[in-house]
Structure formats: C-alpha cells, structure tokens
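Have a look at the structure below, then the notes.
Since every read-out is calculated from the coordinates, none of them should be taken as a lab result. Computed from a prediction, not measured in an experiment: that's the story for all the values here. Note: ideal-geometry Cβ built from the backbone for every residue, glycine included; neighbour counts use all protein chains shown.
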Amino acid sequence: MAFAPLPIMNNPRVLLVVIAALALACGFLAYEVVTQNDTIEQVEASNDELELERESLLFDLEKMRFSYDTLKTENTLMLSEIADQRAQIDELMTRVKNSNWSLAKARKEAETLRSIMQGYVVTIDSLNQLNVALLEENEQMRDQVETVEKRNRDLRERQENMEEIITTGQVLQAAGLQAVGLRILDSGKQRETNRANRTDMIRLCFTLLENRIAEPGSKQLHLQVLSSDGAVLQPGTGIESNTPSGTPVSASRLIDYAKERLDACIFFTPPGILAEGIYSIRLLEGDEVIGETDIELR
C-alpha cells in the first residue's frame, strides 16, 4: 500500500521554514551543551580549588597541633588550657576532613587558635626567662648564704679557740719545783734527807706564777707522788684521796691566789717506810698538771 506525499512537502516555502526551525533548535541545543560544559568545568575547578584549600588548611592545622605538642611548661593551669586547645584543633580537623564545615569559618577559627598559641609561646618564654632569672638569683642567694654560714663557722671556731685559750690561760703555772725528803726529829724539827728508810714526809715547794686572766680566790692544789711503777701513793692504808673528778692524789692544799706570784709548799706523809728509788712528783690544779719534778731516795 503506497502512501501519498504530504502536502507540506510539496510546498518549498514551508519546507524552508521547517528546516530553519530545526537549525535554530539544533543551535540552541548546541549552545546549551557548550554552556553546561563550561559550568561543569567551572564547578570542577571550584571543587579542586576547595580541595586544595582544605588540604592546605589541614596541613596548617597539623603544624599547629605539632607546635602545641612542643609547648613545655610546669604551670598546671596553662597545661590544662593547652590540652583544651589541642582538643579544639583535633575537632576542627575532623570537621574539615568530613567537609561538613565552612572552610572560611574553619580558617577563621584556625587563625584564632594560632593567635592563642602565639600568646602561650610568649607567656611560656617569659616564664622561662623569669625562671632563669630566679635560678640565677637563687644561686647568688645560695652563694651569699654559704658565705655567711662560712663566716659564722669561722666566728664560732674563733670564739671556741678564744674560749679554749682563755680556759687554758686561766690554769695556774708553777715554777721552781723542789721536792725533798724530810725526817721528823723527836723535837718536832724537820731535817732534809735522801734516805728512803728515814723519810717521814715529802715536801714539795714551788712558786705560782703571775696570771692576770686567772680567777682570783681559793685554789685547790693537789700533789701526786708516783712510785717507779707509776702508782700514785695514797696518804694511808685504806684511805683514798682524789680530785672531784676522781683523779687519785697523794695530798691536797687550799691556797688563796690573787693573780700574783705566790710561794707555797705541800706535804705528803706516806703510810709506811718508802722503798728506795726515783719518785715522780706532780703538782695539779684540778686535773691539770701545772708542774712536775722528781726525787731520788736511796
């Protein structure tokens, strides 16, 4: 079955109009396609730029996070604040990575965090400088304290030495010690002897020297007569004579001393006949030996 041609196809003018309309439609479609491609390219370019900006911001935040990690201080309050700032950086990085945060707003917040960090850097640096200054000051104070303590130790030592010198200087000194054996005659007179079996008494005479720093007044002097074996002879059998501190002595005498030279004697009566030999004679003030000599009895 054959179709008859449309009447419009037989009309050249109408055909031209149709062709022109189709050409315009094709041109419009081509323009729309080109425009859409440009828009897509612009969007893609914008996305690439945003991605680069996001990566740059993340990189800055990573550097800032590292800088916060390097901040060192012993201030407890500041350490707590620094920890809070690090937490805010971590939260901001998470938002930027998830693309759920305005980059402009994120950038602004990052600048705020950077400014806070710079403030911490300045503050910590100032504190460190202050600590250094305080350490230097403490070192100087320590040196001064050590100097003062050394001076005080020296003064104490000097004082102790002076006290020792004074104490030592106050001890009386005796000179011209002469020890002799005495025989007591029936008449009561005393006669010197060097015979051991005739010695009824030993006499020690001496001169106390002048001592201007010694305390004046009564002085208890003691006599020690030592045998050849070093034993201190006592005044009688079963009788012991000692200084207040327990030092054994043979005899004692109380004298009145006025800081001037003084001649005196002390007598010792042995409990029995003395053996022949050399006897050491010592004169004591308290427990201090202030003079000594010896006597030989034959």
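At 0.36 nm per residue, and after removing the present C-alpha to C-alpha distance, how many nm does the segment from Leu24 to Leu135 gain when stretched out fully? Write out the running numbers ahead of the final one.
On the way: separation 111, 0.36 × 111 = 39.96 nm, distance 8.93 nm.
Contour length minus the Cα-Cα distance gives 31.0 nm.
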Report summary line: Listing Arg183, Arg158 by rising number of other beta-carbon atoms within 10 angstrom, fewest first, gives Arg158, Arg183
Query raised in the report: Can you run phi through the Karplus equation (6.51, -1.76, 1.60; θ = phi - 60°) for the stretch 222-227 and list ³J(HN,Hα) in whole Hz, with x for Gly and Pro?
Result: 10, 10, 10, 10, 10, 6
Query - FRET efficiency estimate (nearest 0.05) - Cβ-Cβ, Val121 to Ser56, R0 25 angstrom - result: 0.65
Requested in this report: Provide the FRET efficiency to the nearest 0.05 for the Thr147-Val289 pair, computing r from the beta carbons and using R0 = 45 Å.
Outcome: 0.60
Query raised in the report: How large is log10 I(q)/I(0) at q = 0.09, 0.10, 0.12, 0.19 Å⁻¹ when the Debye formula is applied to the Cα atoms of the stretch 174-297, each weighted equally and without solvent?
Result: -0.25, -0.31, -0.44, -1.05
**Report entry** Residue order, fewest to most beta carbons within 10 Å, for Cys26, Cys205
**Finding:** Cys26, Cys205
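What full-extension length gain, to one decimal in nm, is calculated for Ala231 and Lys97 as 0.36 nm per residue of separation minus the Cα-Cα distance? Present the calculation step by step, with values, prior to reporting the outcome.
Working: separation 134, 0.36 × 134 = 48.24 nm, distance 10.61 nm.
Extra length available between Ala231 and Lys97 comes to 37.6 nm.
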Report summary line: Two pseudo-spin positions, 7 Å from Cα along C-beta at Ile213 and at Val180, lie apart in nanometres by 3.6 nm
